[in-house]
Amino acid sequence: VQLQASGGGLVQAGGSLRLSCTAFPNIFSFNIRAWYRQAPGKQRELVAQIGNDGYKYADSVKGRFTIDRDITKNMIFLRMNNLKPEDTAVYYCNEDPPRVRSGIAYWGEGTQVTVSS
């Protein structure tokens, strides 16, 4: 069972992208609730989450990113507007906190987002 994010790409600053995430082959094998990202040379960070008390965002993306989900398909999405070069990173979806396998956080296939200035 794996997580897979998609929808990344190369975009100019100010542009938009919409990321999608699902689990396969069993789409309900994960309780996918969050987006994370890891920029080159930096630690992975939480970008947006669907919590029990609402949707939360990192300060750096507030007002620009929107997380959403399709409960029937167990998919989550990340709409990213007004992208900035500092948003360049590999974006991952996961549970919140991230799923752990054999004592190690599991990260599925991320999707690369590159924002040019």
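The values are calculated or read from the model by the stated rules, or taken from the named source; none is laboratory data. None of the values given here were measured: they were computed from a predicted structure. Methodologically, a virtual Cβ is constructed for each residue, glycine included, from the backbone with ideal geometry; neighbour enumeration extends over all protein chains shown. Areas reflect the complete protein model, heavy atoms only, side chains present, ligands, DNA and RNA absent. Shrake-Rupley method; radii C 1.70, N 1.55, O 1.52, S 1.80 Å.
Brief remarks follow.
- Residue that is nearest to Val113 (Cα to Cα) [pool: residues in the range 23-69 that are open to solvent by less than 70 Å² (accessible area, probe 1.4 Å) and without any contact (Cβ under 8 Å) to a residue 12 or more places away in the chain]: Tyr57
- Residue count for the range 35-47, restricted to those that are in contact with a strand residue (DSSP E or B) (Cβ under 7 Å, 6 or more places away or on another chain) and either over 17 Å from Ile71 (Cα atoms) or at pLDDT below 95 (or both): 8
- Here Leu17, Leu3 are screened, and the one residue that is within 16 Å of Asp96 (Cα to Cα) and of a type in the set (A, V, I, L, M) is Leu3.
- Index of the failed condition, Asn82 passing every other in (1) over 17 Å from Glu45 (Cβ atoms); (2) surrounded by 13 or more Cβ atoms within 10 Å (Cβ to Cβ); (3) without any contact (Cβ under 8 Å) to a residue 60 or more places away in the chain: (3)
- Evaluating Val90 against the criteria (1) closer than 17 Å to Thr114 by Cβ; (2) among the hydrophobic types (A, V, I, L, M, F, W, C); (3) open to solvent by less than 30 Å² (accessible area, probe 1.4 Å); (4) part of a strand (DSSP E or B) leaves one unmet condition, (3).
- Residue match in the range 98-108 (condition: buried (at least 17 other Cβ atoms within 10 Å of the Cβ) and either modelled with pLDDT of 95 or more or in contact with a helix residue (DSSP H, G or I) (Cβ under 6 Å, 6 or more places away or on another chain) (or both)): no
- Enumeration of residues in the range 45-67 that are within 11 Å of the chain's Cα centre (by Cα) and either aliphatic (A, V, I, L, M) or closer than 12 Å to Cys93 by Cβ (or both): Leu46, Val47, Ala48, Gln49, Ile67
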